[in-house]
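Every number here is computed from the coordinates shown, using simple stated rules; none is lab data. Bear in mind the structure is a predicted one, so any value in this text is a computation, not a measurement. Reconstructed Cβ throughout: ideal geometry from the backbone, glycine too, with neighbour counts over all protein chains shown.
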Amino acid sequence: MSEYSWPSENGWCQVTGAEAAWAETVRSLPVGTPVAGEVIGRQPFGAFLSLDGRPEAVGLARVDRMPRCRELPTVGQLVAGEVVWHAEHNHQVGIMLREWAEHEDLLPRFVECVGQVVTGHVTKIAPIGFFVRLADCVEGLVPLTEEVADLAESVREGQAVSVLIVDVDLDGRRVRLAAQGVG
């Protein structure tokens, strides 16, 4: 199965009469209503959901509401969330998944850590340097420079390293780090 698919490619067929049932769907699932369902399709813009108790309704959890460090749930996964909008033109119910809504963005906490040395784990080695995970959904880059070239060649993914937090750019969602040593 491909990473992306439409609901029809996964055996889901929209119930006849969804258009006629739209007014009832909106009435029974107002904004704020908790819902649960199964992921029936994935596209780069979001995950389609079959909503429990509403076979004529299609839910859509849009990727623009997903924390940047999360991934779309997989086809067949059971999820829960809350209704956040209705789209009459295509009869979709917008869903904010609970795990997305409950996610805390930890990046702002690192602004006050600029100048401090912390320990993290190498997550990726790239031609521009290596990335270090500092916390859930917070990674920074140790840029490749002459001073860290030898260290960059010796680090491995998963390895603990000490890094200095040089800069935190909240708008760009970037953390610049400097290598301090290998743990």
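Normalising by the residue count of the chain, find the relative contact order in percent from Cα pairs under 8 Å and 6+ residues apart.
Result for the chain is 15 percent.
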Net charge, residue 25 excluded, C-beta distance under 9 Å - Lys, Arg +1, Asp, Glu -1: 0
Net charge over other residues, Cβ less than 13 angstrom from the Cβ of residue 158 (K, R count +1; D, E count -1): +2
How much FRET efficiency would the formula 1/(1 + (r/R0)^6) give for residue 24 and residue 90, where r is the Cβ-Cβ distance and R0 is 25 Å, rounded to 0.05? 0.90
Heads up, the stretch 1-108 by the C-alpha gyration tensor (a ≥ b ≥ c square roots of eigenvalues; a/c under 1.5 rounded, else a/b over b/c prolate, else oblate) looks oblate
Relative contact order for the stretch 19-97, counting Cα pairs under 8 Å that sit 6 or more residues apart, in percent: 33 percent
For the chain, Cys with no neighbouring Cys Cβ under 4.7 Å: 13, 113
So, relative contact order of the stretch 94-142 in percent, Cα under 8 Å, 6 or more apart, is 27 percent
Beta bridges by DSSP in the stretch 1-102, antiparallel share as percent, to the nearest 5: 90 percent
Pop the C-beta distance of residue 36 and residue 135 into the FRET formula with R0 = 25 Å and round what comes out to the nearest 0.05. 0.30
Between residue 5 and residue 103, what is the label-to-label distance in nm when each label sits 7 Å out along the Cα-to-Cβ direction? 2.3 nm
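If you count the DSSP beta bridges with both ends in the chain, what percent of them are antiparallel, to the nearest 5?
Bridges in the chain that DSSP calls antiparallel: roughly 90 percent.
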Identify which of the listed values of Kirkwood radius over Cα pairs in Å was calculated from the structure shown: (1) 18.9; (2) 17.8; (3) 23.3. (1)
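Estimate the FRET efficiency between residue 169 and residue 13 by the formula 1/(1 + (r/R0)^6), using the beta-carbon distance for r and 45 Å for R0, to the nearest 0.05. Numbers along the way, then the final one.
Values: r = 47 Å, r/R0 = 1.04.
Efficiency computed from Cβ-Cβ geometry: 0.45.
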